[in-house]
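The structure under discussion appears below in the form of structure tokens.
Quick note: the coordinates plus some simple rules give every number you see, no bench work behind them. Keep in mind that what you see is a predicted model, and the values were worked out from it rather than measured. So basically every Cβ, Gly included, is an ideal-geometry build from the backbone, and we count neighbours across all protein chains shown.
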Amino acid sequence: MNKTYHDFLEAAYFGRYRVRVPRSKVMKPGLHYRNDPNSMANLTAKPSYHFGPIIDVLPLLNLDWPPSRENHADSSGASELFSKVNDHLDRLGHDNVALVFDGDESSNTIIIMTHFEFIYSNFTVAIHFPDGWLMLDGQHLTENAVCYLSVMERALRLLAHPSVRYVMRQPTPGMAKMSKNRERKGEEPVADMKIVHLTKRIYIDGRPVGGKGGSHASPKPHDREGHYRTRATPLPGWEGPFTPVSGDFKGQVRYRRWFDKTTVNGGAPDEKPGRGHPKAALPKAPQYRVVK
């Protein structure tokens with residue numbers, strides 16, 4: 001798992017994000033949410049569900065995706081998806097929710113935040129790049145609404161599946177302190193942060209999600225070697241088409257992309273402290289517990 005929703009809350013509170021000016025590549029500093037208590041309260045009230053990489057969102061990282069009538073928020077496809085998203089939110093009992101996805105191996109995190117009100121559902125998107133957080137402008141979201149709504153609808157439908165378990169993650173010290181301060185002032189504490197855990201491979205719209213015995217618990221720290229990843233359909237920045245002459249995809253048209261060597265963090269410590277040591281029960285990774 002890359003960045004979390006709580007990481008974004010901290011960035012928004014201190015104004016550590018940028019906003020892209022509509023129809024340009026010009027970036028401007030974001031506002032400090034600590035100066036806008038109502039907006040900050042709206043963010044902290046959202047429970048967050050972290051899907052990791054189990055839902056493919058790589059196309060959404062193409063911020064220069066050309067708009068089209070089929071993807072516009074006023075299209076019939078968008079209207080149908082808005083209705084489905086609202087139905088899912090209603091079944092889950094949420095008016096506000098944050099959906100978090102890992103984009104690729106370069107620590108990109110996409111957060112789609114929804115807000116349900118009557119028959120409408122508004123949403124905003126924040127993406128974490130190596131140089132910091134970026135909030136997408138409303139015009140970009142309006143002209144490409146179907147792309148983002150499709151991911152939202154699929155993720156919310158997944159949450160209701162019986163093979164999904166929610167794994168609670170303890171808040172960081174900063175978020176725990178913020179929660180206590182908000183409760184002290186009579187405000188709502190920071191909402192829970194849950195990781196989506198699949199107990200087996202499931203199918204949505206005929207496409208597999210997760211794997212057999214798949215888990216989104218934190219793995220043991222290790223280095224993942226550089227490697228190619230191949231797929232049957234093209235994506236921005238991927239090489240191809242090419243036809244492998246050997247292997248599982250021999251004779252099939254494929255596309256590929258090279259991923260650099262990365263460090264995977266988390267898991268239990270390599271060596272446990274001795275019995276009686278004050279840190280004997282404190283692993284390096286955050287603690288998790290199943291809540292559903």
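One table, with the values for the structure above:
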| read-out | value |
| --- | --- |
| Cα-based shape type of the range 33-147, given that a ≥ b ≥ c are square roots of the gyration tensor eigenvalues and the cut on a/c is 1.5 | rounded |
| Highest-first arrangement of 171-184, 141-154, where packing means the average Cβ count within 10 Å | 141-154, 171-184 |
| Computed magnitude of the charge dipole of the range 1-69 (debye, nearest 20; Cβ of K, R +1, Cβ of D, E -1) | 320 |
| Of Lys28/Lys261; Lys3/Lys177; Lys28/Lys185; Lys84/Lys250; Lys46/Lys177; Lys46/Lys84, pairs whose Cα-Cα distance is over 28 Å | Lys28/Lys261; Lys28/Lys185; Lys84/Lys250 |
| For Ile204, residues with placed amide H under 5 Å, excluding near neighbours | Val209 |
| Charge dipole (debye, nearest 20) of the range 1-133; +1 at Cβ of Lys and Arg, -1 at Cβ of Asp and Glu | 500 |
| Residue-by-residue Karplus 3J(HN,Hα) for the range 229-234, coefficients 6.51, -1.76, 1.60, Hz, glycine and proline x | 10, 10, 8, 8, 10, x |
| Cα centroid separation, the range 2-70 to the range 113-178 (Å) | 9 |
| Burial order of peptide ranges 237-246, 41-50 (average beta-carbon count within 10 Å, highest first) | 41-50, 237-246 |
| Relative packing of 30-37, 7-14, 76-83, which averages over residues the other C-beta atoms within 10 Å, highest first | 7-14, 76-83, 30-37 |
| Phe249-Lys28 FRET efficiency (beta carbon distance; Förster radius 41 Å; 0.05 resolution) | 0.40 |
| Per-residue ³J(HN,Hα) for the range 159-167, Karplus 6.51 cos²θ - 1.76 cosθ + 1.60, θ = phi - 60°, Hz, x for Gly and Pro | 4, 8, 6, x, 8, 9, 10, 9, 10 |
| Amide H contacts under 5 Å for Phe129, placed H, 5+ residues apart | Leu134 |
| Whole-Hz ³J(HN,Hα) from phi, Karplus 6.51 cos²θ - 1.76 cosθ + 1.60, for the range 27-34, glycine and proline x | 10, 10, x, x, 7, 7, 5, 5 |
| Gain upon complete extension [Asn122, Ile204; 0.36 nm per residue less C-alpha separation] | 27.1 nm |
| Contour minus Cα-Cα distance for His115 and Glu188 (0.36 nm per residue) | 24.6 nm |
| Phe259-Ala41 FRET efficiency (beta carbon distance; Förster radius 35 Å; 0.05 resolution) | 0.35 |
